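One structure is given here, and the rest of the page talks about it.
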Amino acid sequence: MKIKKLQMLLLGLAVLVGGGRANAQDTSWAAKMFEKLEHDFGVVARGADTRYRLKITNKYQPAVHIAEVKTSCGCTAAKPSKDLLASLETAYIEITMDTKKFQQQKDSSVTVIIDQPQYAEVRIPIRAYIRPDVVVTPGGADFGPVARGAAQERKIGVAYAGRGNWKIKDVSSKNPNVATRVVETRRDATNVNYDLYVSLKETAPLGELREQLTLVTDDSSNPYIPVMVTARVEAEYSVSPELVSLGVLSPGERKTVNVVVRGKKPFAIEKIESEKSSGTFEVRLPQGSKLGNTYVLPLTVIAPDEPGTLTEDFTVTIAGSSEPVTFKAYGKIVAGGASATAKSGGAGPATAQKNNP
C-alpha cells in the first residue's frame, strides 16, 4: 500500500511539473501581431501632446482578446481601440506620455495582456526626453471635427527659458493642407516667447488628420521640437448606411429599408438617382417645404426575376450644393429567396487563413 501511495505522489508531481511547462509556452506568436515592439517619442517640449498609435493586427484564424493593458509608470497611459480582434482585423494601442508633470528622461513600458486564444504578454518599452526649458501651451493644435472646406486656425504659445538669443528658425510641415507661421512676442536676457499659428486649409480631404510639425531652432544639441496637429474632416452631408444590405431575396419580392441623410445645417433633397430605379428601386422623397437636418428615406427594392447579385449606386442631390452624396445597395436574388436559405441553415462562415498560434 505504501508503494502505491508513493507511485501516486510521484505521478501527481509529474503532472504538476508537466502542466507548468505547458503554461510556459512560447508567446512570440503574440509579438508578431505588433507593428513595432518599442517606441521613442524623442526630445519633446514640456506640455506637448505626445501620442502614438501602435498598430496590432490579428494574423491568425482564432479571435484574439486583449484582457488588459498595463503601464509601468504614471507618466504613461495606454488603452486599446478595441479589445476583441477577429481574424485579420486591426486595432490600435493609443499610448500617451504625460509631459506636464514629468521632466527630462522618462523610461517606461506598456504591457499588453492577451487571454485568448492563448495567454501571452507583450511588453513595449516607451522612452521620451521632456525638455524643461521649452514649454508649449496648449500641447498641440487639435481642430476636432471640421466640416470639409472650412479653413480654421489654432494658436500655440512657445516659451523658452535659458539664453536671450534663442530662435525658432523654421517650421517644417510635410502636409500640404497644414500651414504655419510664427510670431515673436517677447525677448529678454533669459526668456523668449513665440506664438505658433497653425492653419488647416480648405483643401484638407475627408478623414482623420494626424500630422507632426517640427519647430527648427538654433539649438546645437537638440534643434527640433515636435508639435502634434490633429483633426477629423467631415462631409457637410452624410448617408447612413453608406452600404445598404438588402439580404437574400426571391424573384419579385419587395423589401424596404431606411436610408438616413444628415447635414450639419438645414437642407433640402432635390432628387435621388440610380441607373436601375425604374422598376427595381423606389425611393420616397420627403414632402413639405420645411427644411431639416435629418431625413429618413424609405428605399424599396422589387427583386428582378433573374437570380444573381444585385448592386446599385445612388446619388443624392442636395439643393444648392455641388458636393456629391452617394450610397450603394447590394443584395442577392435566389430562387426560393430568404425562406429557402433559412431552411438550409444559410451559408457557413468564410474560412480565414490557417495560421494558428
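Per the Cα gyration tensor, the stretch 228-322 maps to an equivalent ellipsoid with semi-axes of 29, 17, 11 Å, ordered largest to smallest.
Compactness ratio for the stretch 28-131: Cα radius of gyration over 2.2 N^0.38 Å (N = residue count) comes to 1.11.
With contacts taken as Cα pairs under 8 Å and at least 6 residues apart, the chain reaches a relative contact order of 14 percent. In sequence order, the stretch 233-238 has phi-based couplings of 7, 10, 6, 4, 10, 9 Hz under the Karplus curve 6.51 cos²θ - 1.76 cosθ + 1.60, θ = phi - 60°, and Gly or Pro positions carry x. Close amide-amide hydrogen proximity is noted between Val171 and Val216, each under 5 Å apart and 5 or more residues distant or on a separate chain (H modeled in the peptide plane; Pro and chain starts excluded). Taking other C-beta atoms within 10 angstrom as a stand-in for reagent exposure, Phe41, Phe102 fall in the order Phe102, Phe41, fewest first.
Each reported figure results from applying straightforward, stated rules to the coordinates on display, with no laboratory input. Remember, it's a predicted structure, so these values are computed and weren't measured experimentally. Reconstructed Cβ throughout: ideal geometry from the backbone, glycine too, with neighbour counts over all protein chains shown.
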